[in-house]
Structure formats: C-alpha cells, structure tokens
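The values are calculated or read from the model by the stated rules, or taken from the named source; none is laboratory data. Computed from a prediction, not measured in an experiment: that's the story for all the values here. Because the Cβ atoms are built from the backbone with ideal geometry, glycine has one as well, and the counts that use them run over all protein chains shown.
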C-alpha cells in the first residue's frame, strides 16, 4: 500500500492506494466518530464489495450501517437521487457524528459527497472509488455535485473527504469501456501537467487497457500526486486548479448535447481534449505535431478522437453555461506544450468554431465512434 497526502492544513487527508485496501479496518478506524454509517453505492458495485466494506467498518467500530443504493450511471446525479439518499439517512438515524461512505465510481462519489456536504449542514465522508476514473481523479479534491438539465455539476459544494481508500484490485472487475474512460483522465493529467507521465503513456498506454497491475498502480499513484499538489495550492479553483479541467469544457458540452449517459464522462473528456488541442494549434500556442501526439494516444486508448456532430452554435450555447465563464467571457484550458496547460480567456471565437468544425468532421484516422 502507498499513501499520498492532500495537504490542506487541518483538513488534510490521506489517499491510500493498493490491492485489498477495502478490507483494512485500520484505514477506516480514525475516521469514525462513534456514530452510524451510511454507505451509498449502486446495484452494480454493491454485490461485489458492499459486504466486504461493511465487515471492515464493523471491525473498525462502526455502530451500524445504512445501505443506500442508487441507479447506475450519470442519471443518478440528480436532485431526485439526492433526496432519496437524504431520506434514507434520516430514516436510518444518521447523526452529525455519522459518516457517509461513497462506494462506487465518480457518480456515486459526487452524489454521496454532496449529500454529506448538505446533510445537517455537513458531516464527514470517505471516498471508496472502484473505477479507474474515480481513483485517478474524481475521488480526490472535494468537488461534489449533481447535474442540472442546463449543465453538468451545476448544483454542488466543495466538501473534502476524510480519506480516500483506492483499492486497485477493484479495477479487475471493470468493463473494458469503463476502464478506457478512466484512462482518459490519466491522459489528461499527463498532457496538461506532467510531460514525463505523457511520455510514459506514449510508450505504452496499452498496458492500462490490459489491466496490468503495475501500470495501473503507477497511473493511480502519479495522478493522485499531481491532483493533490494542485488541490493543495488552489482548493476552490481560483486559478491553478482550473488546469485540471483540460478537455472538460468541450467534454461537458458533449455530455449535455448528446444526453447524459450516452457518452461516458471519460469518453467526452477524450474528445474534448482533442478539441482543446486543436484550438491550441489554431490559437498559435501548440505545434500541430504535439496535437497529433495527443490524438494518437487517445486513439490507442480506444477513446473517441472525434466529437459528435453538433453545430458550433450548439457547442457555444452549451459552453456558455460552463463554470469557467467569468465576467461573461469564456475561459478555455489549452496547451502551450505537452505537460503545460494554461487558462486563456482571450481566444478568438473564430478559432473555436474552426476547431469544432475540424474535430467534428471525420478526419483520416479519427475515431468517430465510441
């Protein structure tokens, strides 16, 4: 087991990474305050891991658990699901000394974390991510939210977990499509923040798709290290943390435009990164060769390198509601070089439209399907 820390002063917390960590009761014990525990999961993950987590919590001293299962997929990130979770917590007599445990992927983590943030004005929670996407990205950093019909993650709060317990053994049960979606976030970390990670992916991104345990462990650890550094420097996304949204402005528009759940989040981010790289080239920031390096890694990972054929007007309409809009100006995360993302609000809309046209039009070798 390896541990990475997110340094946030009194709210600092550990990320425990390793095969079998779900069963280590010592990892839960420091975060129990004597109260009851609400475990939020879904019908796909719960049959695999719920009993193991309940047993570990019992050994750690939990006085009782309440199980709350939500539907699988992005549709669970809704106010209706939030109400269901809170109803179950109230019925189960979860008090202010209680704990919420998010057992599942990014959707479960976002929903359960938001429930913990607002329940009785905020109680503690643990992240137990069981997908690659959640282990390398969404479980770390305290972003919690549900979706609105007008935009993704528009209703939420910053609420840091007490700990993240990332059991890499759970990745063996992931469907191939879910595994690929998680690889998209690893690609994001490398090409936006870390040239060495980007080079490592170029040398063998296929190892992640083959469920190579050593490669997955490295990807999770390095991604968590990178995200922990950024979150510690800019917890509430006033500046540097926005760089973690590389590919997400376009990606969120893809998810909303296609209908939530049609594209997996990681698939939309992959196409969004190709769009952002194309915009970087057209803005004179990035070489065409480096944009092609990104596109090739996305394709080798089995991810979409072409965006759905929505009109440029529709993309711009969807992105206008993005959280990165400031003072009425759209801010884009683009690349100056591999491993060097920047936030820009002075880009020409004509370049944005041209990038959309280029990436939504099938190009030679582009992955137009998921």
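Checking each residue in the stretch 96-123 for being closer than 24 Å to residue 238 by Cα and not in a helix (DSSP H, G or I) picks out only 122. Filtering the stretch 199-213 to residues that are modelled with pLDDT of 95 or more and assigned to a helix (DSSP H, G or I) leaves 199, 200, 201, 202, 203, 204, 206, 207, 208, 209. Among the residues making up the stretch 312-342, those that are surrounded by 17 or more Cβ atoms within 10 Å (Cβ to Cβ), touching a strand residue (DSSP E or B) at 6+ places or on another chain (Cβ under 8 Å) and at pLDDT 95 or above are 332, 333, 334, 335, 341.
Against the condition in the same structural domain as residue 270 (by TED's automatic domain parsing) and in contact (Cβ under 8 Å) with a residue 60 or more places away in the chain, how does residue 132 come out, does it pass?
Values: in the same structural domain as residue 270 (by TED's automatic domain parsing): no; in contact (Cβ under 8 Å) with a residue 60 or more places away in the chain: yes.
For residue 132, the condition - in the same structural domain as residue 270 (by TED's automatic domain parsing) and in contact (Cβ under 8 Å) with a residue 60 or more places away in the chain - is not met.
Against the list (1) within 19 Å of residue 194 (Cα to Cα); (2) free of Cβ contacts under 8 Å to residues at least 40 places away in the same chain; (3) surrounded by fewer than 24 Cβ atoms within 10 Å (Cβ to Cβ), the condition residue 272 fails is (3). Does residue 72 qualify as being within 26 Å of residue 216 (Cβ to Cβ) and either out of contact with any strand residue (DSSP E or B) (no Cβ under 8 Å at 6 or more places or on another chain) or modelled with pLDDT of 95 or more (or both)? When the stated conditions are applied, residue 72 does not pass them. In this structure, residue 292 does not satisfy being over 19 Å from the mean Cα position of the chain (by Cα), over 26 Å from residue 132 (Cα atoms) and either assigned to a helix (DSSP H, G or I) or touching a residue at least 12 places away in the same chain (Cβ under 8 Å) (or both).
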